[in-house]
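Student: The structure that follows is given in the form of structure tokens.
The values are calculated or read from the model by the stated rules, or taken from the named source; none is laboratory data. Source: prediction; values computed, not measured. Please note: Cβ atoms are built from the backbone with ideal geometry, for glycine as well, and neighbour counts cover all protein chains shown. Keep in mind that these areas ignore ligands, DNA and RNA; they rest on the heavy atoms of the full protein, side chains included. Shrake-Rupley method; radii C 1.70, N 1.55, O 1.52, S 1.80 Å.
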Amino acid sequence: MTSNNLTVRNLAFINGNYTAAVTGKVYPVHNPADGTVITEVSACDAIDVRCAAQHARAAFDDGRWSSLRPSDKKKRMLAFADLIEANAAELAALETRNTGKPIRDTETVDIPKSVNMLRWYAEAADKIYGGVAPTAPSVHAFISREPLGVIGAVIPWNFPLYLAAYKLGPALVTGNSIVIKPADQTPLSLLRVAELASLAGIPDGVLNVVPGSGESVGQALGLDPDVDALAFTGSPQVAKRFLAYAAESNMKKVMIEGGGKCANIVLADVEDLDRAAFDAAWGVFFNNGQVCSAGSRLVVEESIADQLIEKIRNLTANIRVGDPSDPATEIGAIIDERHLNNIERFVRGGESDGAILVCGGKRLLEHTGGWYFEPTIFDHARNDMDIARDEIFGPVLTVIRAGDAEEAIDIANDSQFALGAALWTQDVTKALKYAKQLRAGQVWVNNYDGSDLTVPWGGFRLSGTGRDKSLEALNEYTGSKATWIEVAR
Ligand code: NAP
Ligand code: MG
């Protein structure tokens, strides 16, 4: 089907074909910018997952992909990335329509970064080496990395295609088959690129996309006996469910990228307060704060707090919130009404807990029928308030003032999450000392959220157990196998 010159696919993609759910059920997918229904998508359930997993198993077992020469996999994966790039404008428009993200972000971040991710892993396909163990000379023991088999992937809605690429790249180049479930709100970009994978020569059954709810499709993937490993990005609450599914079924490996409540610490000796203010604002307001690594806690030394907050407030006042399809828009819509209500509940809770609202705090643009919220700043929060402890996943900055650097580090580490933390100081000794003390999967010094696909991504504590990106991700999707050959007795 086409809608406003966009190709919209609304059926599951199983074994190389677009396929309706066995029950025939569908559910509406919305445009967050105005609340309208874009299309109705197959509401798959356990029966469809079983079918997809069996096709993925067959594809893996007969070697149509897993046994291809690595250089051949590389060629096809590069062709897949090229096809996404060739359709980038359309995919960016589709992603914007389905997520409410500004078109300037989908055109410059979501789609090109997905292409880069797939290309980078494609290039790695024929550069993965095994090893030989230093055994006695009478033995030749070699170690190879083997694909895990069928990967179940379950992803959230905040970067639908990009987070899918996090999984597809390393999972596919290492020879696995995959069954992937997009978030129910945002299946459209992934459903569209599935056919591009086929066109690029990725064989039927190797890449399957099964849309539907977490309770049905997600749970079925978690329990499926043919799924060898589960790659999950989402909230810790759901991550725990996957650990339970694995325990109840075949003890599949579970790789978790969970949530965050990242602290951005600005010490009094920061060199460039304007840059720190800019990064503090965009570190939390980018993508409406719907980012796992959002710098949602600003921990600032008391002596510079007033000055810094004033700068952030001024920047925030100039942010353009509005129609995501307008290239001038900097912040678009919130993913859905339920999530908007959650964000609003946190903000009301922050007020009643005694934090001081500096700006924002209200819904916006209600006449559009879409779901918008003002970029919001709370000052004088305490780290035991819900707005400091829980992941709001919205455009809300919680400022906590600290008496000194030591107290700031303690506040930062006092969290159930440990995804990212930033530290601003011009003192290299403090930078090294505190970066070491910060408990987080990534620490940024004098920047917020610096990242590259060459650098591993992941967290500790409830922020997860897996590592996406970089060569480390290749280890996640493979297991080490030792072959022991006696060459002489
Ligand atoms: P979520 O509610 O945990 O959902 C994530 C996925 O799990 C969705 O596809 C969801 O399906 C599915 N799911 C929900 N309940 C399930 C169940 N009982 N069994 C199996 N699957 C189930 O997260 P979200 O609201 O989509 O996304 C926001 C979260 O993702 C935040 O916590 C954020 O920090 C995290 N995140 C982490 C990273 C990272 O790299 N660490 C990156 C991005 C986002 P449906 O929604 O379709 O029902
Ligand atoms: Mg959801």
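Student: Please find, among Val254, Val238, the residue that is among the hydrophobic types (A, V, I, L, M, F, W, C) and either more than 30 Å from Gln442 (Cα to Cα) or within 14 Å of ligand 2 (Cβ to nearest atom) (or both).
Tutor: Within the list Val254, Val238, the selection yields Val238.
Student: Does Ala247 count as of a type outside the set (D, E, K, R), out of contact with any strand residue (DSSP E or B) (no Cβ under 8 Å at 6 or more places or on another chain), away from ligand 1 (no atom under 12 Å from the Cβ) and open to solvent by 20 Å² or more (accessible area, probe 1.4 Å)?
Tutor: In short, yes.
Student: Tell me the strands (runs of 3 or more DSSP E) entirely within the range 1-52 that contain at least 1 residues that are of a type in the set (Phe, Trp, Tyr) and touching a residue at least 40 places away in the same chain (Cβ under 8 Å). Lay out the reasoning, then the answer.
Tutor: Numbers: elements: 12-14, 17-19, 26-30, 37-42.
The strands (runs of 3 or more DSSP E) meeting that bar are 12-14, 17-19, 26-30.
Student: Every residue in the range 468-489 that is open to solvent by less than 60 Å² (accessible area, probe 1.4 Å) and touching a residue at least 40 places away in the same chain (Cβ under 8 Å), please. Steps first, please.
Tutor: As a first pass, look at the range 468-489 and keep what is open to solvent by less than 60 Å² (accessible area, probe 1.4 Å): 468-470, 473-474, 476-479, 483, 488.
Those that are open to solvent by less than 60 Å² (accessible area, probe 1.4 Å) and touching a residue at least 40 places away in the same chain (Cβ under 8 Å): Asp468, Lys469, Ala473, Leu474, Glu476, Tyr477, Thr478, Gly479, Thr483, Ala488.
Student: I'm told Val487 meets every condition in (1) of a type in the set (A, V, I, L, M, F, W, C); (2) outside the structural domain of Asp274 (by TED's automatic domain parsing); (3) in contact with a helix residue (DSSP H, G or I) (Cβ under 8 Å, 6 or more places away or on another chain) except one. Can you identify the failing condition by its number?
Tutor: Every listed condition holds for Val487 apart from (3).
Student: Continuing with the same structure: Can you say whether Val254 is in contact (Cβ under 8 Å) with a residue 24 or more places away in the chain, under 29 Å from Thr106 (Cβ atoms) and either outside the structural domain of Pro375 (by TED's automatic domain parsing) or of a type in the set (A, V, I, L, M, F, W, C) (or both), as far as the supplied structure shows? First the steps, then the outcome.
Tutor: Numbers: in contact (Cβ under 8 Å) with a residue 24 or more places away in the chain: yes; under 29 Å from Thr106 (Cβ atoms): no; either outside the structural domain of Pro375 (by TED's automatic domain parsing) or of a type in the set (A, V, I, L, M, F, W, C) (or both): yes.
So Val254 does not fit the description; no.
Student: Only one residue in Ser198, Ser213 is open to solvent by 10 Å² or more (accessible area, probe 1.4 Å) and within 11 Å of ligand 1 (Cβ to nearest atom). Which one? First the steps, then the outcome.
Tutor: Details: Ser198 fails: within 11 Å of ligand 1 (Cβ to nearest atom).
Step by step, each of Ser198, Ser213 is checked, and only Ser213 is open to solvent by 10 Å² or more (accessible area, probe 1.4 Å) and within 11 Å of ligand 1 (Cβ to nearest atom).
Student: Within the range 201-210, track down each residue that is more than 23 Å from Asn475 (Cβ to Cβ) and either in a strand (DSSP E or B) or away from ligand 1 (no atom under 16 Å from the Cβ) (or both).
Tutor: Hits for the range 201-210 are Gly201, Pro203, Asp204, Gly205, Asn208, Val209.
Student: With a cut-off of at least 2 residues that are over 29 Å from His339 (Cβ atoms), name the helices (runs of 4 or more DSSP H) lying wholly within the range 73-192.
Tutor: 111-124, 160-173
Student: Further question on the same structure: For the subset of the range 21-33 comprising residues that are open to solvent by 60 Å² or more (accessible area, probe 1.4 Å) and touching a helix residue (DSSP H, G or I) at 6+ places or on another chain (Cβ under 9 Å), which member is nearest to Asp336 (Cα to Cα)?
Tutor: So, considering only residues that are open to solvent by 60 Å² or more (accessible area, probe 1.4 Å) and touching a helix residue (DSSP H, G or I) at 6+ places or on another chain (Cβ under 9 Å), the one nearest to Asp336 (Cα to Cα) is His30.
Student: Whether any residue in the range 223-233 is part of a loop (DSSP other than H, G, I, E, B) and at positive phi is what I want to check. Give the steps one after another, and end with the answer.
Tutor: Looking only at the range 223-233, we keep the residues that are part of a loop (DSSP other than H, G, I, E, B), and these are 224-228.
In the following step, the residues that additionally are at positive phi were identified as none.
Checking the range 223-233: not a single residue is part of a loop (DSSP other than H, G, I, E, B) and at positive phi.
Student: If you go through the range 184-195 one residue at a time, do you hit one that is within 11 Å of ligand 1 (Cβ to nearest atom) and farther than 16 Å from Thr96 by Cβ?
Tutor: yes
Student: Out of the range 338-394, which residues are open to solvent by less than 50 Å² (accessible area, probe 1.4 Å), part of a strand (DSSP E or B) and closer than 22 Å to Pro102 by Cβ?
Tutor: Listed by number, the residues that qualify are Cys359, Leu364, Tyr372, Phe373, Thr376, Ile377.
Student: Tell me which residues, restricted to the range 167-183, are among the hydrophobic types (A, V, I, L, M, F, W, C) and either more than 13 Å from ligand 1 (Cβ to nearest atom) or surrounded by fewer than 24 Cβ atoms within 10 Å (Cβ to Cβ) (or both).
Tutor: Result: Leu168, Ala171, Leu172, Val173, Ile178, Ala183.
Student: Only one of (1) within 16 Å of ligand 1 (Cβ to nearest atom); (2) within 20 Å of Ala328 (Cα to Cα) is not met by Trp157, so which one is it?
Tutor: The failed condition is (2).
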